[in-house]
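To start, the structure itself, in structure tokens.
Please treat every number below as a calculation from the coordinates, not as lab data. Model, not experiment: these values are computed from the prediction. Ideal geometry is used to build each Cβ from the backbone, glycine not excepted, and the neighbour counts take in all protein chains shown.
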Amino acid sequence: MNENLKSQEQEFKAHCREEMTRLQQEIENLKAKRVPSGEEKSLSAGEPHGALTPGMTHNEDLDRRYNMEKEKLYKIRLLQARRNREIAILHRKIDEVPSRAELIQYQKRFIELYRQSRCIDHKHSQDWSWEAPEARVLSHVSVGGHAS
């Protein structure tokens with residue numbers, strides 16, 4: 001059993017070495033095909049946004065994708081902030097409208113104030129009616145100039 005595990009380990013190591021040499025060769029081939037950094041290509045209209053262009057390294061592609069997603073996030077946050085402001089404005093408008101309970105309370109208070117003002121007006125008119133004849137007499141006397 002121990003020999004079996006050792007043989008499997010050696011086979012695995014050999015396979016890993018072969019894979020490593022194949023990948024290193026592929027990296028060398030890609031570096032040879034790579035376009036110089038001054039001649040970066042942009043995406044054509046037909047290419048998907050996530051596609052790796054031939055002249056772009058994996059890191060450059062990741063940076064480009066990161067910047068695109070960052071810009072999307074910024075735009076979404078701006079939109080969210082605008083909607084939050086609109087919602088706050090609507091909440092304030094709703095809060096300005098009195099509720100049914102508040103309207104009933106206002107109505108009761110207005111009726112109470114109306115009754116008080118009628119009572120005061122009634123007392124004032126009674127006082128005026130009692131004082132009016134004297135005031136009229138005094139005004140006639142002082143106007144005529146014959147006050148004694």
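Filter the range 106-121 for residues that are out of contact with any Pro (no Cβ under 9 Å at 6 or more places or on another chain) and of a type outside the set (D, E, K, R) and give the result. Of everything in the range 106-121, those that are out of contact with any Pro (no Cβ under 9 Å at 6 or more places or on another chain) and of a type outside the set (D, E, K, R) turn out to be Gln107, Phe110, Ile111, Leu113, Tyr114, Gln116, Ser117, Cys119, Ile120.
This table checks each residue for (1) surrounded by fewer than 10 Cβ atoms within 10 Å (Cβ to Cβ); (2) small (Gly, Ala, Ser); (3) touching a residue at least 12 places away in the same chain (Cβ under 8 Å); (4) within 30 Å of Asn29 (Cα to Cα).
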site	(1), (2), (3), (4)
Met56	no, no, yes, yes
Leu62	no, no, no, yes
Asn67	no, no, no, yes
Leu73	no, no, no, no
Leu78	no, no, no, no
Arg83	no, no, no, no
His91	no, no, no, no
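Pairs are defined by a Cβ separation below 9 Å, a sequence spacing of at least 6 or placement on different chains, a first member in the range 102-114 that is part of a helix (DSSP H, G or I), and a second member that is not aromatic (Phe, Trp, Tyr); the pairs so defined are Gln105/Pro98; Tyr106/Pro98.
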